[in-house]
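Okay, structure first, notes after.
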Amino acid sequence: VVISFMIEDGDRYYGCVPALVEMMGNETMAVLLQIVVSALVGGGSAAASYIWKNESWSLAKQTILYYLITCTIYFPCAYIVCWMQHTVRGAVIYYAIYTAIFITIWIIQYLANRSKVKKINEALNHTENREAE
């Protein structure tokens, strides 16, 4: 849907970028490849998310490792299905956008989790104060 709005070609719906259709020979095969690659992205993200369960690692180590793993998964997928230009400039733009989105989501998650921890600590302190009375 986003691709269709970006192309602004009237009422035509694009299931994937035209470059992928051209590469695959027809839209059906292009969309099929995009579905398979999207499933790989989802599976890779799910597998990489187990990094956050390792509580013995620092937050910095978890973040850097998660970023590197997801970059390693996402970049070839984006390249294969033409979600980026196949140039050095395209790769630089891809990594810049990916990194900006990653940082934004990381900050939002960090602040949300920090707020939850603060509320839990306040509830614990309240409980401890009542027990001390």
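The values are calculated or read from the model by the stated rules, or taken from the named source; none is laboratory data. Nothing here was measured: the structure is a model prediction, and the numbers come from that model. Heads up, the Cβs are rebuilt from the backbone with ideal geometry, glycines too, and the neighbour counts pull from every protein chain shown. The area values use the complete protein model at the heavy-atom level, side chains included, leaving out ligands, DNA and RNA. Shrake-Rupley method; radii C 1.70, N 1.55, O 1.52, S 1.80 Å.
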**Message:** What are the equivalent ellipsoid semi-axes of segment 10-56, built from the alpha-carbon gyration tensor (square roots of five times its eigenvalues), in whole angstrom, biggest first?
**Reply:** 34, 11, 7
**Request:** Calculate one ³J(HN,Hα) per residue across segment 73-88 by plugging θ = phi - 60° into the Karplus curve 6.51 cos²θ - 1.76 cosθ + 1.60, and present them in order as whole Hz with x for glycine and proline.
**Result:** 7, 6, 4, x, 5, 4, 5, 4, 9, 6, 7, 9, 6, 8, 9, 4
**Request:** Would you mind computing, in nm to one decimal, how far apart the modelled labels at residue 65 and residue 11 are, each placed 7 Å from Cα along Cα→Cβ?
**Result:** 5.3 nm
**Request:** Using the Karplus curve 6.51 cos²θ - 1.76 cosθ + 1.60 with θ = phi - 60°, work out ³J(HN,Hα) for each residue of segment 118-124 in order, rounded to whole Hz, and write x for Gly and Pro.
**Result:** 4, 5, 5, 5, 5, 5, 5
**For segment 103-109, 3J(HN,Hα) per residue [Karplus equation, 6.51 cos²θ - 1.76 cosθ + 1.60, θ = phi - 60°, Hz, x = Gly/Pro]** = 5, 4, 5, 4, 5, 4, 5
**Request:** Using Cα pairs closer than 8 Å and at least 6 residues apart in sequence, work out the relative contact order for the chain, in percent.
**Result:** 16 percent
**Message:** For a quick check of understanding: with a 1.4 angstrom probe and all protein chains in place, what accessible area in square angstrom does residue 16 have, to the nearest ten?
**Reply:** 0 Å²
**Message:** Per residue, how big is the convex hull of the chain when only Cα atoms are used? Give it in Å³.
**Reply:** 151 Å³
**Probe 1.4 Å, accessible area per residue of the chain, Å²** = 72 Å²
**Prompt:** With all protein chains present, how much of the accessible area of segment 78-133 (probe radius 1.4 Å) comes from carbon and sulfur, to the nearest whole percent?
**Reply:** 64 percent
**Asked** Where the centre of each part is set by its Cα atoms, how far does segment 92-118 sit from segment 65-87, in angstrom?
**Response** 18 Å
**Prompt:** Label points 7 Å out from Cα along the Cβ direction at residue 55 and residue 36: separation in nm?
**Reply:** 4.1 nm
